[in-house]
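For reference, the structure discussed in these notes is given below.
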Amino acid sequence: MNRVQVILTLDMENIPSNFPEILKLEQEVVAKWKEEGVLEHLFLRHEKNGAVLIFKEVEEEQVKELMKTLPFYKLKKSVEYYNLIQQF
């Protein structure tokens, strides 16, 4: 099974005043991805400056395109992508 891990770090020094509205849109996109079955897990980072997302059964290029539609993507400081192999 194909997995892609994404580590998203937000630029916390430049958060816009409408952050609560962006957060609501973010939650809607994430819920849609979970419903579609492409997002397996979402973990908020302890520092509250980003998240770790685990996508399943999609290639890295498709994950990169999906990430561009995420409202928080515009607030990113960095994004890292890792292809994972599940060990059985």
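Read the figures in this text as sums done on the coordinates, not as results from a lab. None of these values were measured; they are calculated from a predicted model. Heads up, the Cβs are rebuilt from the backbone with ideal geometry, glycines too, and the neighbour counts pull from every protein chain shown.
Observations on the structure shown:
- For trypsin sites (Lys or Arg not before Pro), the sites in segment 21-87 that DSSP calls loop and that have at most 14 other Cβ atoms within 10 Å are R45, K48.
- Normalised by the number of residues in the chain, the mean separation of alpha-carbon contacts (under 8 Å, six or more apart) gives a relative contact order of 53 percent.
- Straight Cα distances below 18 angstrom link K68 to the lysines K24, K32, K34, K56, K76, K77, with same-chain residues fewer than 8 positions distant left out.
- Every Cα-Cα pair of the chain was included, and the share exceeding 18 Å stands at 41 percent.
- Extension gain, L42 to K77, is 10.8 nm, computed as 0.36 nm per intervening residue step minus the present C-alpha separation.
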